Amino acid sequence: MSADNTVIKDKVKKKHSIFPKPAAIAIFWGLGLILGIVLIMHHNPLADQATENMKKISGCVLIVFTCIIFALFYDGLTTIPKELFQSRKLIWKLAKNDFKKRYAGSYLGVVWAMAQPIVTVIMYWIVFDRVFDTRSQLVAGGIQVPYVLYLTAGLVPWFYFTEAITQGTMALLEYNYLVKKVVFNISILPIIKVIAATFIHVFFVCILLIVAILYGYHPTIYTIQIFYYSFCLFLLVLAMSYFTSALVVFIRDLQQIINIALQIGMWATPILWDISMLKTDSMKALFKLNPMVYIVNGYRSAIYEEIWFFEHFYSSTYFWIFTISLFCVGTLIFKKLRVHFADVM
């Protein structure tokens, strides 16, 4: 009877699988090989040769690393995505409840979530544009847009990033009573927090579009890229949240470390300044290793630069390889450690 049950489970498992494991791994390696060939063959005549070679080498290394991880840990990597898909209705319901609960009990409610970022934008604009005249430095670098629009386009994705990663990191600790329940699928908790943060982000994207219109930059076909870059940011934060939410259960100081890293990261990302201010190509390439540079510049491209995301070939390739690699590592660590979460809390 035991053997018969095992056979039945295997058949059910295969029935619900889109691809058998060997086929899925082969397809993933094939896509990686094609991407690697395109990455090596692509050439930008305007780019610095040394910088371009560094991008190709780092991109190929990340592709190989991701393919190896996918092949070795296929079962572990596909577990959480399957669980998220199966629990999609519950995730959406809990995300809305989490958003409402966060501001329950205050008179102004969700207004407080919008007030602080708006005040921050205004203060930065006064200090850096009116007091220190950063606008003149941007003009010298070839950027002609109003500084308040340039600043808002950079801060909107950064606010979402900081809110989502902070809340996502603390997801397991905040919902510790659910973690201790054996029957509850705790893998959905980080994505609940990230989706809840997305609601506020939608509001600020609308504010960004209004600011752009007020300064004469009306929506165009390029503006639809906001959805693409928002999706990129969502996946990046989700990948990081699985990594940090698992570790913070065992290392509570990680929360403070992340807060410090976010403060440093804001200045390491061209939000208040522009990357063209850097003197050498090697410094520019170093700063572009920060995936948020791709996101912030992408929001600006969508709003006023009228540049498609695929025109930044190396940056787009690097971002997706980095994000997929991070998601693989994050979900593997989460899956490995979650059997111990209830014992530690």
For the stretch 60-84, pairs from a residue that is free of Cβ contacts under 8 Å to residues at least 24 places away in the same chain and assigned by TED's automatic domain parsing to the domain that holds residue 33 to a residue that is outside any helix (DSSP H, G or I) and not basic (Lys, Arg), with Cβ under 8 Å and 6 or more apart or across chains, are none
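Specify which of the listed residues (8, 25, 68) is out of contact with any Phe, Trp or Tyr (no Cβ under 7 Å at 6 or more places or on another chain), part of a helix (DSSP H, G or I), at pLDDT 65 or above and among the hydrophobic types (A, V, I, L, M, F, W, C). Steps first, please.
Working: 8 fails: at pLDDT 65 or above; 25 fails: out of contact with any Phe, Trp or Tyr (no Cβ under 7 Å at 6 or more places or on another chain).
It is 68.
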State whether the residues of the stretch 271-285 include one that is surrounded by fewer than 16 Cβ atoms within 10 Å (Cβ to Cβ) and of a type in the set (Phe, Trp, Tyr).
no
List every residue pair whose Cβ atoms lie under 7 Å apart, where the two residues are 6 or more positions apart in sequence or sit on different chains, the first residue falls within the stretch 47-59 and is assigned to a helix (DSSP H, G or I), and the second residue, located anywhere, is modelled with pLDDT under 70 and not acidic (Asp, Glu).
52/44
Please count how many residues of the stretch 270-289 are closer than 21 Å to residue 322 by Cα and among the aromatic types (Phe, Trp, Tyr).
1
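For the stretch 333-345, enumerate the residues that are outside any helix (DSSP H, G or I) and free of Cβ contacts under 8 Å to residues at least 40 places away in the same chain. Give the derivation first.
Kept after step one, since they are outside any helix (DSSP H, G or I), are these residues of the stretch 333-345: 345.
Result: no residue meets the conditions.
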Do any residues in the stretch 306-332 that are part of a helix (DSSP H, G or I) have Cβ atoms under 7 Å from those of residues that are basic (Lys, Arg), where the two are at least six apart or on different chains, and which pairs are they?
314/55; 315/288; 318/55
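The values are calculated or read from the model by the stated rules, or taken from the named source; none is laboratory data. All figures in this text were calculated on a predicted structure; none of them were measured in a lab. Ideal geometry is used to build each Cβ from the backbone, glycine not excepted, and the neighbour counts take in all protein chains shown.
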